[in-house]
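The values are calculated or read from the model by the stated rules, or taken from the named source; none is laboratory data. Source: prediction; values computed, not measured. Reconstructed Cβ throughout: ideal geometry from the backbone, glycine too, with neighbour counts over all protein chains shown. What goes into the accessible areas is simple: the full protein's heavy atoms, side chains included, and nothing from ligands, DNA or RNA. Shrake-Rupley method; radii C 1.70, N 1.55, O 1.52, S 1.80 Å.
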Amino acid sequence: MLVLSADGVGLVLDVAGPRLPRVLHWGACPGPLAELPPMPAQDLVPSQGDGWFGRPVLSGHRDGAWRPPRFTLLRPAEVEGGRVEARAADLEGGLELRTEIELTVQGVLRIRHELVNTASSPYTLDRLACLMPLPAQAGEVLDFAGRWARERSPQRAPLLQGVWSRENRRGRTWFDAGPLVAGTPGFGFRTGEVWAVHVAWSGNHVQYVERLAEGDTVLAAGELLEPGEVRLGRGESYRTPWVYFASSQDGLDGLSRRFHEMLRARDGHPRSARPVTMNTWEAVYFDHREDRLLALADAAAEVGAERFVVDDGWFRHRRGDDAGLGDWYVDESVWPDGLHTLVRRVREHGMQFGLWFEPEMANPDSDLIRAHPDWLLADPQRWPLPLRNQHTLDVARPEVYAYLLDRIGSLVAEYGIDYIKWDHNRDIAEPVHEGVPGTHAQTEAVYRLLDELRARFPELEIESCSSGGARADLGILERTDRIWGSDNIDPIERQHIQRWTGLLLPYELIGSHVGSSPAHITGRATTLGFRAATALFGHAGVEADITAWTADDRKALAEWIALYKRLRPLLHTGELVRADHPDPAVLVHGVVAPDRGRAVFAYAQVATSATERPVPVRLPGLDLDAEYTVAAIPGAVSGPVDRRPQWAAGDVRLTGRALAVIGLPAPLFHDKPGNAFLVEAIRT
């Protein structure tokens, strides 16, 4: 028996063989164990021959011939620190399986398998997933619905017998992407025991929980393969993406803490202060004129922006979304001298310069597709329906890969580009690559392209945008620096989107901008203070034509940017906390410093309340035995002055325990949705 433990999480394995390691327990750490009484164990790759009648983890065939695999260890499992590696084989079946298990110091478990065909005949792989057992106490499931402009909407259901499966066949992570969570009934942000799975892959994938009549329950995930997509010749192998499993005895916030700490410990995690970004999309759309963008750059610098990103519309023939995509040359008709004048102005202001690309896509009305119609990821005789007037390029095709690397690399070198906004604005339909389904090859090729660009330009930062917040997974974030939370920057909608995107990702990885009023997507009018208070909790920026704003609004925007710069060391290193507030019309969340010495909280009214008197606001996550000074953050981010609670006029001193158990009187926003109230707590 082997016990791995980290940060309160325990993984107990039977590694005695002759089978692959079997899981005796995963979840809360049981402490030192000399032995356990005989108890059921979960195979990592279970088979019917061993009594498993659930969904197969591994399935495949040899040109229709099927032999269920049975694996036997080739040698004892290797253990080093929190890592376990096991190699097993089905000698008669001609398959070898290599399994890696790692428990990170943050208590996140990750697993991947590699399958090798050792026989002379080809092996067609249909499925290879990773699973972990769940205890009988798991009785409720949380996952996400989603669509464009409404990412990650939570939905719950009882965990009953059968399979609850979320399957994505859109060729990219979608708007419903997020960890699949199972927990004790009624779990919340701060309460209950929960278990989660996330597959670090940006293509087709599956995440599911299954409960069998025998009582076994498993949580599993992996890549979703189409028929014939992976066919292994002799000596060839397929390796699954990393599948991440996390558990918490402290509700969903405990899961977030583990994921966030793990991500922040990565070698490639952004370390510098996240620059305030001015993005041009909602400011100018396709109306690219040098004088207009120069004026916008001047205004951005004046309010304190630190990065200026030119969005869609700068390249040849791109006066709308129906032409030019794929022609990655600066449009001479708009920019006769190239982008040099604009870049020079941006740098004179001390700002970084960024540029938008959508490398994986092309319009049929483009020089690229007119010259190379065979470069599409499609049946050459029958293209799929165009979406957003565009099709997908076959990046796994060497000529396409080389073209994209050359054009993007040339522009990065010519203009000294600091930042790329990398977009992906359609689902991938009927992705035929060399006569077989091509999503797997496409995803790997995009990863290689990103990796090679980062190797050539080590200081280059890249944002993953995908019709907003669709491609938000730990696979793409191994090679990018943030995701765009949503195309919808209406702050009412963004409060919900950012709340649930934060289940997996810390704020510094979630792009969040102050937009215009009314919001361009919803048409809803909101105050600048509420828009600013919402965008504060993320990698903040601005996306509006502020040259048309009043002087007072620009002054207020500059004050908010200064506040963001003051708070971002806390916001981007602290622990995310979300209160289980009893009023569903109010969202309460905050960030607490790692040493619990300081925190900032937001009270956001997103709908009208059912009651006249607001519920007191409990502030979670502080040191229970310490005393804190709590004060309202001044300015428009804290809503109308006449609606603030009386204590906001001064400072309040209370213990962390009193703030968590009793709380503070709330502002009178019950009939005024679209207001926020920000408070700062400092340990005395």
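If the segment from residue 170 to residue 451 were pulled out straight at 0.36 nm per residue, it would be longer than the present Cα-Cα gap by 98.9 nm.
Panel values: the range 284-346, Kirkwood radius from alpha carbon pairs, Stokes-Einstein at 37 °C and 0.692 mPa s, translational diffusion coefficient 268 µm²/s.
Mind ordering 663-672, 353-362 by average Cβ neighbours within 10 Å, highest first? Each step should come with its number before you reach the end.
Working: 663-672: 19.2, 353-362: 23.5.
Result, highest mean Cβ count within 10 Å first: 353-362, 663-672.
Dividing the helix sum by the residues of the chain, where each DSSP H run of 4 or more adds -39500 (n - 2.57), gives a mean residue ellipticity at 222 nm of -6000 deg cm²/dmol. Averaging 1/r across all pairs of distinct Cα atoms in the range 147-289 and inverting the result yields a Kirkwood radius of 18.3 Å. Protection proxy ranking for 395-403, 72-80, 510-518, using the average of other Cβ atoms within 10 Å per residue and placing the highest first: 510-518, 395-403, 72-80.
What number in nm² do you get for the range 354-418 if you take the convex hull of its Cα atoms and divide its surface by four? Spell out each step's value before the answer.
Working: hull surface 19.6 nm².
Seen from a random direction, the Cα hull of the range 354-418 projects 4.9 nm² on average.
Taking a ≥ b ≥ c as the square roots of the eigenvalues of the Cα gyration tensor, an a/c ratio of 1.5 or more together with a/b larger than b/c marks the range 412-454 as prolate.
Distance between the modelled labels on residue 267 and residue 349, one decimal in nanometres: 3.6 nm (7 Å Cα→Cβ projection). Label zone (residue 613, point 7 Å along Cα-to-C-beta; backbone nitrogen cut-off 18 Å) within the range 653-684: 662-671. Across the range 491-575, Cα-Cα pairs farther apart than 19 Å form 36% of the total.
Rg/Rh for the range 501-638 (Cα atoms only, Rh after Kirkwood) is 0.97. For the range 7-164, the Stokes-Einstein estimate of translational diffusion at 25 °C and a viscosity of 0.890 mPa s comes to 137 µm²/s, using the Kirkwood hydrodynamic radius over alpha-carbon pairs. Solvent exposure of the chain, expressed per residue, is 38 Å² of accessible area, with all protein chains present and a 1.4 angstrom probe.
Could you tell me whether the chain comes out rounded, prolate or oblate from its Cα gyration tensor? Rule is a ≥ b ≥ c as square roots of the eigenvalues, rounded for a/c under 1.5, then prolate if a/b exceeds b/c, otherwise oblate. Please list the in-between numbers first.
Working: a/c = 2.12, a/b = 1.16, b/c = 1.83.
Oblate, because a/c is 1.5 or more while a/b does not exceed b/c.
Across the range 418-562, Cα-Cα distances exceeding 20 Å account for 55% of all pairs. The fraction of accessible area contributed by carbon and sulfur in the chain is 51 percent, rounded to a whole number (1.4 Å probe; ligands and nucleic acids excluded).
Apply 1/(1 + (r/R0)^6) to the Cβ-Cβ distance of residue 34 and residue 92, taking R0 = 35 Å, and write down the FRET efficiency to the nearest 0.05. Numbers along the way, then the final one.
Details: r = 38 Å, r/R0 = 1.08.
Once rounded, the FRET efficiency stands at 0.40.
Peptides 173-181, 18-26 ranked from most to least packed by the mean count of surrounding Cβ atoms within 10 Å: 173-181, 18-26. Annotation for residue 62 and residue 649: the two label points, set 7 Å from Cα along the Cα-Cβ direction, are 8.5 nm apart. Dividing the Cα radius of gyration of the range 126-204 by its Kirkwood radius returns 0.97 for Rg/Rh. Using 0.36 nm per residue and subtracting the Cα-Cα separation, the extra length available between residue 136 and residue 562 on full extension is 148.3 nm.
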